[in-house]
Amino acid sequence: MATFLFLVQLLFIGTLIVPAYTQRCDLLQNATASNFNVTVTPETYHANTSYLVTISDNTNLTDSKSVTEYLLQAFSPQNLSVGVWKVANTDNCSSIDTAVLNATQKTANWTSPGSEVSSVEIRAYIIFTDKSVEFKTVTLNSESETTTAQPVTNSTFNSVSMVQSSSFFIAVIQLPLLLVTSKLLS
């Protein structure tokens, strides 16, 4: 009986956690490029440095389409998550550290990794109440170049496939728990 209660609790917790995780992360799959402003200070990449990332969205929003959250991610040229976000709320979207800002927050601090990389791409996402998502990328180069917006690249789609595969993995884990629970109830 104790095993049964444990499995029911585990299944219940899993059904509560997974939708919250997949809902936010899955929305990034359908993100469209946008022209809102993302400012990163300082403008060049240096190892083990603190950066201020600011989002400015000057869009005219209606009641049916207002901002619910801002998400920030940092990638190396190898499309790996790098650095540490210093914010109150973070998420892990398929092994990608993601800073989560509420609708009133528009700035976050990010610390670059101690190892030297040639550049870092900062991705900013805006999630709206209608579940639409817009994104913009800014690249920090280690040279004396300023931050530049990059066009949509395959790296966005690579992270999307990572989100899809992790959602599948979660579903595969939950299926045996559901079957065991149904066997115990019958």
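None of the figures in this text is laboratory data; all of them are computed from the coordinates on show. In this text the structure is predicted, and so the values were computed from the model without any measurement. Cβ placement follows ideal geometry from the backbone for every residue including glycine, while neighbour counts extend to all protein chains displayed.
Some notes on this structure:
- Partner lysines for K136 [C-alpha distance under 26 Å; skip if fewer than 8 residues away on the same chain]: K65, K86, K106
- Paramagnetic reach from L52 (point 7 Å along Cα→Cβ, amide N under 14 Å) across the range 104-138: 106-110
- Radius of gyration over Kirkwood radius for the range 55-135, both on Cα atoms: the Rg/Rh ratio is 1.01.
- The range 90-138, relative contact order [Cα under 8 Å, separation at least 6], %: 20
- Compactness relative to 2.2 N^0.38 Å, alpha carbon Rg of the range 63-102: 1.34
- Two-site label geometry, V180 and T68: point separation in nm, points 7 Å out along Cα→Cβ: 3.2
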